[in-house]
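Trainee: Quick one: this structure, given as structure tokens, is what I'll be asking you about.
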Amino acid sequence: MARLVVIGGGAAGMSAASAARRVAPDLDVVVFEAGGFAAYGMCGIPYYLGGVVPEAEDLLAYPPSEFRDQRGIDLRLHTWVSAIDPVAHQVRVAGAGPAAGTDGAGLLGYDALVVASGAGPVRPPVPGLDGPRVFTIRSLDEAIRLRKLLDSGTVRRAIVLGAGYIGLEAAEALVEAGAQVEVVEALPRVLGTVDEPIAAVVQAELERHTRVRLGTRLDEVRDHGRGLTAVAGGAETGTDLVVVATGVRPASDLLIQAGAEHLPDRSVLADASMRTSLPDVFAAGDCAALHHLVLDRPAWVPLGPAANKTGRVAGTVAAGGSASFGGIVGTAVVKVFGLEVARTGLTLAEASAAGLAAAAVDVVSRSRAKYYPGAQPLHVRLVHAPDGRLLGGQLAGREGAAKRIDVLATALQAGMGVTDVAGLDLSYAPPFAPVYDPVLAAAIKASGQLASPPPSTIRPGTGRPSTVGGSR
């Protein structure tokens, strides 16, 4: 019987295993997962820590028994692969899980291999970051330990190291759990995945709820039994725990040691079918570089939706089916206390780093009609090329940012320019938007700054320019 081996039981890995089972009902599918859980919502961990999600099991998409008993997938928890032999088509297995099918040396053969090993946390070389009250929030096993500590009532103070997505979500979760939180960031600003005008809005919201120290490096963490002392920027601060959120890197060592081609950041190259440069070996999820539609080249952008999609593609093709992954534009959203912050495509800084000529426009509009109760400011930034091609967008506001970003993501996927976006027929009603939606207002402003004026928008079938102005 042919065998598919999957390394990693997260979103990409279990999507691959399930897709393979649908394509090939008789295929032997074996999944190795180093942790104690599989197929859970890692992005939901901060909400579990903050008590919004009551139980850890609520984050499971399916219990392990669903995969083993209902889908016929041999899921082995607490078991990991320590090496890949692409010539012999074998993996070396270790851990506490069952070793069925392996030889005396722990080797298991495969006909196809999907590596969905994800990404691992970056730990700065700071003394004391290996202690029992230091967490990274990159697995449900670790989150359960942290939630137990929070529920014990002994955590009054907490330090979050890093002000990116994970750090911001962790800070909110710890505040929700009742802790006084200090965020320490080595960079001079928060959230490096957006441009400075949007980051300033985020920083103001973060400072309403936490103490924020920017441009400050953590030097040492000392454990004195009853608590910790964190030394940052020459100042000592007492704390009950530290969350390290200084970024992640691809967990690609197995593939690279086996000879897989990769980018300088160690994300592994894969084609649209998720095939790597190794024979019969696929990569999916956060360990893989994916085709970026704006850059038109591979890029590493680790996000949950792409992990699920690439896992499904890898499993389908590995089992003998046909599928392909179309690419990404880097769409992401994060909740920062009462703020929605979203981005897609390239920031102005990212466009410049990629060598692209680009400009940006900023608009502060409203989430609803100005006369409708509850209207909130909505900050919009669009990044575009000199010819008007849309390169990216960012939004921040107390409502209306999280899903409006999908309009811009769709525009990027379709290769639209700012003039095209300005002509979109978006919905309007006073409780939901002003008559000129904030996205349209920003696109109109960007169109007006182009070297050549944009053409008039013509209503299909009439040959007449559309009416501009008016409201209701």
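Trainee: Output the qualifying pairs, or none if there are none: Cβ atoms under 6 angstrom, residues six or more apart or on different chains, first residue in the range 9-23 and closer than 14 Å to Ala38 by Cβ and in contact (Cβ under 8 Å) with a residue 24 or more places away in the chain, second residue part of a helix (DSSP H, G or I) and of a type in the set (A, V, I, L, M).
Mentor: Note: pairs meeting the criteria are Ala11/Ala307; Ala12/Ala307; Ala16/Ala314.
Trainee: Those residues that are hydrophobic (A, V, I, L, M, F, W, C), surrounded by fewer than 19 Cβ atoms within 10 Å (Cβ to Cβ) and not in a strand (DSSP E or B), I need them from the range 104-125; list them, please.
Mentor: Pass one, the range 104-125, residues hydrophobic (A, V, I, L, M, F, W, C): 105, 107-108, 112-116, 119, 122.
Now narrow it down to the ones that are surrounded by fewer than 19 Cβ atoms within 10 Å (Cβ to Cβ): 105, 107, 122.
Those that are hydrophobic (A, V, I, L, M, F, W, C), surrounded by fewer than 19 Cβ atoms within 10 Å (Cβ to Cβ) and not in a strand (DSSP E or B): Ala105, Val122.
Trainee: Now for a separate question. Do we have any residue at all in the range 156-166 that's assigned to a helix (DSSP H, G or I), touching a residue at least 12 places away in the same chain (Cβ under 8 Å) and either of a type in the set (Phe, Trp, Tyr) or at positive phi (or both)?
Mentor: Here is the first cut: in the range 156-166, the ones assigned to a helix (DSSP H, G or I) are 165-166.
Going one step further and asking which of them are touching a residue at least 12 places away in the same chain (Cβ under 8 Å), we end up with 165-166.
Adding the requirement that they be either of a type in the set (Phe, Trp, Tyr) or at positive phi (or both) leaves 165.
Within the range 156-166 (the criterion being assigned to a helix (DSSP H, G or I), touching a residue at least 12 places away in the same chain (Cβ under 8 Å) and either of a type in the set (Phe, Trp, Tyr) or at positive phi (or both)), the answer is yes, since at least one residue qualifies.
Trainee: Give the residue, chosen from Arg76, Arg138, Arg71, that is closer than 26 Å to Gly315 by Cβ, more than 25 Å from the chain's Cα centre (by Cα) and open to solvent by 30 Å² or more (accessible area, probe 1.4 Å).
Mentor: Values: Arg76 fails: open to solvent by 30 Å² or more (accessible area, probe 1.4 Å); Arg138 fails: more than 25 Å from the chain's Cα centre (by Cα).
Being closer than 26 Å to Gly315 by Cβ, more than 25 Å from the chain's Cα centre (by Cα) and open to solvent by 30 Å² or more (accessible area, probe 1.4 Å) holds for just one of Arg76, Arg138, Arg71, which is Arg71.
Trainee: Answer yes if at least one residue in the range 207-216 is within 30 Å of Ser365 (Cα to Cα), among the polar types (S, T, N, Q) and surrounded by 15 or more Cβ atoms within 10 Å (Cβ to Cβ), and no otherwise.
Mentor: Taking every residue of the range 207-216 in turn, at least one turns out to be within 30 Å of Ser365 (Cα to Cα), among the polar types (S, T, N, Q) and surrounded by 15 or more Cβ atoms within 10 Å (Cβ to Cβ).
Trainee: Test Val190 against the stated conditions and say whether it is in contact with a helix residue (DSSP H, G or I) (Cβ under 8 Å, 6 or more places away or on another chain) and assigned to a strand (DSSP E or B).
Mentor: Working: in contact with a helix residue (DSSP H, G or I) (Cβ under 8 Å, 6 or more places away or on another chain): yes; assigned to a strand (DSSP E or B): no.
No.
Trainee: On to the next question. Taking the residues in the range 336-393 that are surrounded by fewer than 19 Cβ atoms within 10 Å (Cβ to Cβ), assigned to a loop (DSSP other than H, G, I, E, B) and small (Gly, Ala, Ser) as candidates, determine which candidate is farthest from the chain's Cα centre (by Cα).
Mentor: This residue is Ala369.
Trainee: Is it fair to say Ala272 is buried (at least 16 other Cβ atoms within 10 Å of the Cβ) and among the small types (Gly, Ala, Ser)?
Mentor: Numbers: buried (at least 16 other Cβ atoms within 10 Å of the Cβ): no; among the small types (Gly, Ala, Ser): yes.
No, not satisfied.
Trainee: Would you confirm, using the coordinates I've provided, whether Asp58 is of a type in the set (D, E, K, R) and farther than 30 Å from Arg92 by Cα? Show your work before the answer.
Mentor: Details: of a type in the set (D, E, K, R): yes; farther than 30 Å from Arg92 by Cα: yes.
Criteria met by Asp58.
Trainee: Here is a list of conditions, (1) at pLDDT 95 or above; (2) within 30 Å of Tyr372 (Cα to Cα); (3) part of a loop (DSSP other than H, G, I, E, B), and Ala411 meets all of them except one; can you say which number that is?
Mentor: Of everything listed in (1) at pLDDT 95 or above; (2) within 30 Å of Tyr372 (Cα to Cα); (3) part of a loop (DSSP other than H, G, I, E, B), Ala411 misses just condition (3).
Trainee: Then there is this: Any idea which residue in the range 151-177 is nearest to Val122 (Cα to Cα), counting only those that are open to solvent by 20 Å² or more (accessible area, probe 1.4 Å) and touching a helix residue (DSSP H, G or I) at 6+ places or on another chain (Cβ under 9 Å)? Give the steps one after another, and end with the answer.
Mentor: Residues of the range 151-177 that are open to solvent by 20 Å² or more (accessible area, probe 1.4 Å), as a first pass: 151-154, 156-157, 164-166, 169, 175-177.
Checking which are touching a helix residue (DSSP H, G or I) at 6+ places or on another chain (Cβ under 9 Å) leaves us with 166, 169, 175-177.
Values: Ile166: 12, Glu169: 17, Val175: 23, Glu176: 25, Ala177: 25 Å.
Going through the qualifying residues, I end up with Ile166.
Trainee: Continuing with this model, one more query. Which of (1) surrounded by 23 or more Cβ atoms within 10 Å (Cβ to Cβ); (2) in contact with a Pro (Cβ under 6 Å, 6 or more places away or on another chain) does Leu278 not meet, given it meets every other one?
Mentor: The single condition Leu278 does not satisfy is (1).
Trainee: Identify, please: which residue in the range 79-88 is of a type in the set (Gly, Ala, Ser) and touching a Lys or Arg at 6+ places or on another chain (Cβ under 8 Å) and is, among those, most open to solvent (accessible area, probe 1.4 Å)?
Mentor: Looking only at the range 79-88, we keep the residues that are of a type in the set (Gly, Ala, Ser), and these are 82-83, 88.
Narrowing the set further to residues that are touching a Lys or Arg at 6+ places or on another chain (Cβ under 8 Å) leaves 82-83.
On the way: Ser82: 56, Ala83: 39 Å².
Among those that are of a type in the set (Gly, Ala, Ser) and touching a Lys or Arg at 6+ places or on another chain (Cβ under 8 Å), it is Ser82.
Trainee: State all residues of the range 1-44 that are buried (at least 24 other Cβ atoms within 10 Å of the Cβ) and part of a loop (DSSP other than H, G, I, E, B); if no residue qualifies, say none.
Mentor: Gly8, Gly9, Gly10, Glu33, Ala38
Trainee: With the checklist (1) part of a helix (DSSP H, G or I); (2) under 30 Å from Ala358 (Cα atoms) in hand, flag the one item Leu295 doesn't pass.
Mentor: (1)
Trainee: Between residues in the range 31-44 that are farther than 19 Å from Arg145 by Cα and in contact (Cβ under 8 Å) with a residue 24 or more places away in the chain and residues that are open to solvent by 20 Å² or more (accessible area, probe 1.4 Å) and charged (D, E, K, R), which pairs lie under 8 Å by C-beta distance while being six or more apart or on different chains?
Mentor: Note: pairs meeting the criteria are Val31/Asp74.
Trainee: Just a yes or no: is a residue in the range 306-320 in a loop (DSSP other than H, G, I, E, B), farther than 14 Å from Gly118 by Cα and open to solvent by less than 10 Å² (accessible area, probe 1.4 Å)? Lay out the reasoning, then the answer.
Mentor: At the first step, the residues of the range 306-320 found to be in a loop (DSSP other than H, G, I, E, B) are 319-320.
Within this subset, residues satisfying the condition of being farther than 14 Å from Gly118 by Cα are 319-320.
If we keep only those that are open to solvent by less than 10 Å² (accessible area, probe 1.4 Å) as well, we get none.
There is no residue in the range 306-320 that is in a loop (DSSP other than H, G, I, E, B), farther than 14 Å from Gly118 by Cα and open to solvent by less than 10 Å² (accessible area, probe 1.4 Å).
Trainee: Looking at the range 51-81 only, could you name the residues that are small (Gly, Ala, Ser) and either without any contact (Cβ under 8 Å) to a residue 40 or more places away in the chain or part of a helix (DSSP H, G or I) (or both)?
Mentor: Taking the range 51-81 as the starting set, the residues that turn out to be small (Gly, Ala, Ser) are 51, 56, 61, 65, 72.
Ala56, Ser65, listed by residue number.
Trainee: Anything in the range 186-203 that is surrounded by fewer than 17 Cβ atoms within 10 Å (Cβ to Cβ) and more than 18 Å from Asp362 (Cα to Cα)? List them, or say none.
Mentor: Selection gives Leu187, Pro188, Arg189.
Yes or no, residue by residue, for (1) of a type in the set (Gly, Ala, Ser); (2) in contact (Cβ under 8 Å) with a residue 60 or more places away in the chain:
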residue	(1), (2)
Ala319	yes, yes
Ser324	yes, no
Ala332	yes, yes
Gly338	yes, yes
Gly345	yes, yes
Ala357	yes, no
Ala375	yes, no
Val380	no, yes
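Trainee: Also, quick follow-up: Only one of (1) modelled with pLDDT of 95 or more; (2) part of a loop (DSSP other than H, G, I, E, B) is not met by Thr467, so which one is it?
Mentor: Against the list (1) modelled with pLDDT of 95 or more; (2) part of a loop (DSSP other than H, G, I, E, B), Thr467 comes up short only on (1).
Trainee: Report whether or not Asp280 is at pLDDT 95 or above and within 19 Å of the chain's Cα centre (by Cα).
Mentor: Working: at pLDDT 95 or above: yes; within 19 Å of the chain's Cα centre (by Cα): no.
For Asp280, the condition - at pLDDT 95 or above and within 19 Å of the chain's Cα centre (by Cα) - is not met.
The values are calculated or read from the model by the stated rules, or taken from the named source; none is laboratory data. Treat the numbers as computed from the prediction; the structure is a model and nothing was measured. Here the Cβ is made from the backbone with ideal geometry for all residues, glycine too, and neighbour counts use every protein chain on show. Heads up: the accessible areas ignore ligands, DNA and RNA and are worked out on the full protein's heavy atoms, side chains in. Shrake-Rupley method; radii C 1.70, N 1.55, O 1.52, S 1.80 Å.
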